Amino acid sequence: MANWLGMLSPESAARSWIVAALVIITFLAITGMGILLPNSIRTYLELQKAKPDIQKIFHLNQRNNILAAVQGTFQIIIIIVMSHLVMG
């Protein structure tokens, strides 16, 4: 649709904002599906063991908390980028 509206042409002022949005969305998808989800599954599987390793669970959850904060920051940035595209 951006191409159809002429927003991806080299002379368009919105091109850099659209590329930024695509980069941010790609980052969010990779961290969510590639890091956060597998860590959550590993935490769940560790908790199902007869003697779960508390230290391992702590480190996995600590990594998830940091990545969740990073993702929250990037979600705010994507809102700013998208609102800039709407407002022009």
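Read-outs throughout are calculated quantities, based only on the coordinates presented, and are distinct from any laboratory measurement. Note that the structure is a prediction, hence the values are computed from the model and not measured. Counting neighbours? That spans all protein chains shown, and the Cβs are built from the backbone with ideal geometry, glycine included.
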| request: Using the Karplus curve 6.51 cos²θ - 1.76 cosθ + 1.60 with θ = phi - 60°, work out ³J(HN,Hα) for each residue of region 33-48 in order, rounded to whole Hz, and write x for Gly and Pro. | output: 7, x, 10, 5, 5, x, 5, 5, 5, 5, 5, 4, 5, 5, 5, 7
| Between Asp53 and Glu11, what is the spin-label point distance in nm, taking each point 7 Å from the Cα along the Cα→C-beta axis? | 6.1 nm
| message | Let's test the formula: R0 of 30 Å, r as the Cβ-Cβ distance of Arg42 and Thr73. What FRET efficiency results, to the nearest 0.05? | response | 0.80
| field | Cα gyration tensor, region 37-88 - rounded (a/c under 1.5), prolate or oblate | value | prolate
| remark: Per residue, the convex hull enclosing the alpha carbons of the chain has a volume in Å³ of 88 Å³
